[in-house]
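Remarks on the structure that follows.
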Amino acid sequence: MKREKIDIMNMARPSVKKLKPYASAKDEFKDFDQQLIYLDANENPYDNGLNRYPDPHQSVLKERISELKGVAVEKILLGNGSDEILDMIFRVFFEPAKDNIIINTPTFGMFKVLCGINNVNYKEVSLTEEFELDVTKIVESIDENTKAIFVCSPNNPTGNSMKKEGVEALLSKGLLVVIDEAYIDFSEKKSWNQELDKYKNLIVTQTFSKAYGMAGIRLGVCYADSEIITLLKKVKMPYNISVLTQQTALKQLEDQRVTEQEVVEIVENRKKLVRELSGINLVKKVYPSDSNFLLIKVDDADLRYNELIGHDLVIRNRSKEPLCENCLRITIGTPSENKALIKSLTYLDTK
Ligand SMILES: *Cc1c(COP(=O)(O)O)cnc(C)c1O
């Protein structure tokens, strides 16, 4: 399907199309930089730094993100974590008990959970043995109620990025393509948010929870055509991003070099960990990673997982996931944490 044939408005649920977003006090009077007397929002008037509602449009923060990421403000939406953004996408576009989406397994568990919460059907298509998108099978599984294809790149739990050609092939089908880029900062690949002018049906989500070191503030970022963003704003809760979150994120973005340096270190530590893990006998395979974690195949995942807990090391057992038999997922820690992991595995190896 060509871009001009994509009618985003008609992809939205009829009930959402008709919806008028809630107009808060802050919407009706927007000039809140000015020193005026505000008696419009039933707030407590005594200033303690947090007695006022947050900016529902997060204008200052979005300007900063726009400048850093090279995406226009009207193509950005912020959420209480990317989980909230994904949920908004569900509520805008997928009619419960009717529409379906395609997910590519193994992948991020939240996609299925959101299907459950929103009563939306999903079709699972297995990634290939190399953890790439199986475009032929995905296209075969599209039916008249399929609304979207979810792609996680770099993918959790496999760690790899999906090849550009595969994603392009999916985008050309005209359905919504949602690309979860939670780990993009650890990858050498370009973000798909640079392709928004080309694809009207593209939605990219990113997060402050991983590279930016801000999992605690809950901030996710969505990039899409302004028509999609306008629809998502209709279901967005007015004050979904707190004053504390907006302030803390802005402060974190003041100096990008801190994050950049941490990312460089994490990637270096990942490469070191790959080398060290490869020398351990019980580790059968270390999968290539574009993220801040490694997926490894071991001799006996359940056994090794429990043994590591006995050594005060908590990792993720992913051995029940498709294509992930005996696989463990390990987050890259600090150098001393990684050292503790290698020490324990080396001990278990020779025991
Ligand atoms: C960690 C992670 C997220 C982050 O979600 P937030 O709600 O923004 O913390 C999103 N997608 C994937 C695939 C993840 O692994």
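Details
- HN-Hα J in Hz across the stretch 69-85 - Karplus 6.51, -1.76, 1.60, θ = phi - 60°, x for Gly and Pro: 9, x, 10, 4, 3, 6, 9, 10, 9, 9, x, 6, x, 5, 3, 5, 5
- Gain on full stretching of the segment that runs from Glu63 to Met9 - 0.36 nm per residue minus C-alpha separation: 16.8 nm
- Highest-fluctuation residue, Ala41, Ala12, Ala148 considered, GNM on the chain with Cα pairs under 10 Å: Ala41
- Note on the stretch 11-93: the C-alpha convex hull projects to 7.5 nm² when averaged across all orientations.
- Exposed loop positions in the chain were taken to be GluC sites (Glu not before Pro) whose DSSP state is not H, G, I, E or B and which have at most 15 other beta-carbon atoms within 10 angstrom. Between these positions, the longest stretch is 189-324.
- Trypsin sites (Lys or Arg not before Pro) lying in DSSP loop within the stretch 128-193, provided at most 12 other Cβ fall within 10 Å: Lys190
- GNM flexibility winner over the chain from Asp55, Asp27, Asp47 (Cα, springs under 10 Å): Asp47
- Acute angle (nearest 10 degrees) that the helix 226-235 long axis makes with the longest principal axis of the chain, alpha-carbon atoms: 80
- Rounded tilt (10° steps) of 256-278 against the dominant C-alpha axis of the chain: 20
- Average accessible surface area per residue within the chain, 1.4 Å rolling probe, Å²: 50
- Debye-sum result for the stretch 8-254 in log10 I(q)/I(0), which assumes one identical scatterer on each alpha carbon, at q = 0.12, 0.15 Å⁻¹: -0.70, -1.06
- Taken about its Cα centre, the chain carries a charge dipole of roughly 420 debye when the Cβ of each Lys and Arg holds +1 and the Cβ of each Asp and Glu holds -1.
- Loop-located trypsin sites (Lys or Arg not before Pro) in the stretch 2-83 (DSSP state not H, G, I, E or B) with no more than 14 neighbouring Cβ atoms inside 10 Å: Lys2, Lys30.
- Bridge type composition, the chain - antiparallel percent by DSSP, nearest 5: 50
- Value of [θ]222 nm, deg cm²/dmol, for the chain, DSSP H segments ≥ 4, -39500 (n - 2.57) each, nearest 500: -11000 deg cm²/dmol
- Calculated over the stretch 257-350: convex hull of Cα atoms, volume per residue (Å³): 91
- Take every pair of alpha-carbon atoms less than 8 Å apart whose residues are at least six positions apart; their mean separation over the length of the chain yields a relative contact order of 18 percent.
- Karplus-derived 3J(HN,Hα), 6.51/-1.76/1.60, for each residue of the stretch 136-149, Hz, glycine and proline x: 4, 5, 4, 4, 4, 8, 6, 10, 5, 9, 6, 9, 7, 10
- Cβ-based charge dipole, the chain, positive-most Cα from Gly159, Leu114, Ile142: Ile142
The values are calculated or read from the model by the stated rules, or taken from the named source; none is laboratory data. This is a predicted model, so every value here is computed, not measured. Cβ atoms come from the backbone with ideal geometry, glycine included; neighbour counts cover every protein chain shown. For accessibility, only protein heavy atoms count, side chains too; no ligands or nucleic acids. Shrake-Rupley method; radii C 1.70, N 1.55, O 1.52, S 1.80 Å.
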